[in-house]
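Following: one structure in structure tokens, then a few remarks.
Just so you know, all these numbers are worked out from the coordinates, no wet-lab data involved. Please read these numbers as outputs of a predicted model, since none were measured by experiment. So basically every Cβ, Gly included, is an ideal-geometry build from the backbone, and we count neighbours across all protein chains shown.
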Amino acid sequence: MISFKSPRAVFILLLLLSGTLCTASLIPFMGVYIVEVLGKDPWLISIYAMLTLSLTVVVNRIYGEWIDNGRRIAPLILTSILAFGFALSVMLVFETYVVLIIICAPCFALSNAAVSTMYSFGRLSAEQNAWDIARYNSYLRATTSLGWMIAPAVTFLIAGAFGARYVMISALVLTAVWATLWWKVMPSDFVKQSRIKDPSTDVGSLSDNAKAMWTAAGVCLLFSLAHSATTSSLPLFYIREAGLPVYAAGLSFSIKTFIEILAILSTPWLITNLGVRRCLGVAAVVAISAFITLANVQSLSHLVIGASLEGLYYGIFAAVGLLYIQSFAGDRLGRATSLYMNSLYIGGLIASPMMGLVAQFSGFRTVILLSTVWATLALLVLIVSGRNQTRLS
């Protein structure tokens with residue numbers, strides 16, 4: 001069990017929350033910043049997003065390898081904090097797209113890698129303190145969702161009331177909080193402890209684990225592709241094709257995130273009763289139902305049902321997907337965690353241009369219905385790979 005009488009477990013979650021609030025306050029706002037503040041064409045948003053996501057994938061992989069090789073985790077998180085603060089300072093001084101691409105995008109990629117690094121830190125802390133791993137992982141994911149539920153709404157509220165410049169200033173204040181928590185919470189010498197190797201472990205079993213881990217990453221990629229494409233399409237689908245009021249998108253997001261957090265917190269019970277792989281199977285089935293429901297929304301009551309199903313499936317996936325990949329990690333927890341995060345980023349990277357292309361020729365409803373294909377493929381991969389037993393270490 002997790003003892004919250006000791007402040008360590010709570011402070012780790014606060015460290016993650018502060019980092020998530022920082023990154024989540026900027027990521028959704030960058031499109032508005034590029035178009036409205038810098039006065040650039042919307043297609044330049046894609047250039048910035050693709051560059052930042054691609055660099056994030058690379059940094060995640062490097063950080064994961066360093067963690068597995070026994071590097072201290074504290075300097076990695078500090079680098080992310082400093083990079084985020086530096087990028088914000090540069091944006092306050094230089095309001096140009098070239099500077100955003102050359103200086104800020106790489107810095108934001110470094111800061112984005114903090115989430116994966118803090119997931120590894122949280123999981124390793126759970127192992128070293130004998131906490132319930134599944135339960136603490138669910139707390140980590142719920143904390144991330146909480147940050148995403150709060151930060152974008154506050155960011156756009158600040159932007160509407162005071163202007164884009166104050167978004168950067170408020171994010172800098174959050175960065176100072178993040179840095180303070182890092183100084184208070186993060187042990188400077190914390191590293192991944194080496195495990196005693198099992199003499200029976202041979203090259204063949206390690207190869208099997210690697211294949212299983214990549215298969216698990218493929219499942220997460222399919223979930224991410226479905227989720228990203230649907231999330232990008234829903235606001236315009238609600239307004240243009242379903243004929244709902246403008247506030248429908250915000251209502252849907254709030255309901256989805258609220259149910260998502262509840263679902264994440266319920267996953268330890270689900271894992272105990274169903275196991276990790278079956279939980280993902282349940283998430284895939286619920287996802288298919290959610291996409292069909294959302295694609296046929298015609299009223300706010302239908303929206304509530306669809307958004308609730310969306311939050312339910314994604315909450316289960318968000319908590320269990322990380323455990324699923326980590327269960328094949330062996331002694332490569334950092335690599336597994338970065339692989340999980342990269343599958344989410346790559347899914348989003350693929351989904352954006354795909355969504356635009358499909359919506360251009362067939363509408364946003366088709367994009368949502370197409371997500372049922374990705375969820376079905378994820379379910380089929382889970383069924384086919386079911387012979388590999390998921391192990392929670």
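What's the center-to-center distance, using Cα atoms, between region 231-285 and region 35-105 in Å?
Result: 28 Å between the Cα centres.
Below 8 Å between Cα atoms, with a sequence gap of 6+, how large is the relative contact order for the chain in percent?
Once divided by the residue count of the chain, the mean separation gives 24 percent.
So, by mean Cβ neighbours within 10 angstrom, what's the order for 240-247, 281-288 with the highest one leading? Don't skip to the answer; put the middle values down first.
Details: 240-247: 14.1, 281-288: 22.4.
Ranking the peptides 240-247, 281-288 by packing returns 281-288, 240-247.
Ordered by packing density, taken as the mean number of other Cβ atoms within 10 Å over each peptide's residues, highest first, how do 94-101, 134-141 rank?
So the order, starting with the most tightly packed, is 134-141, 94-101.
Taking the Cα centre of each part, how many Å lie between region 316-359 and region 118-159?
16
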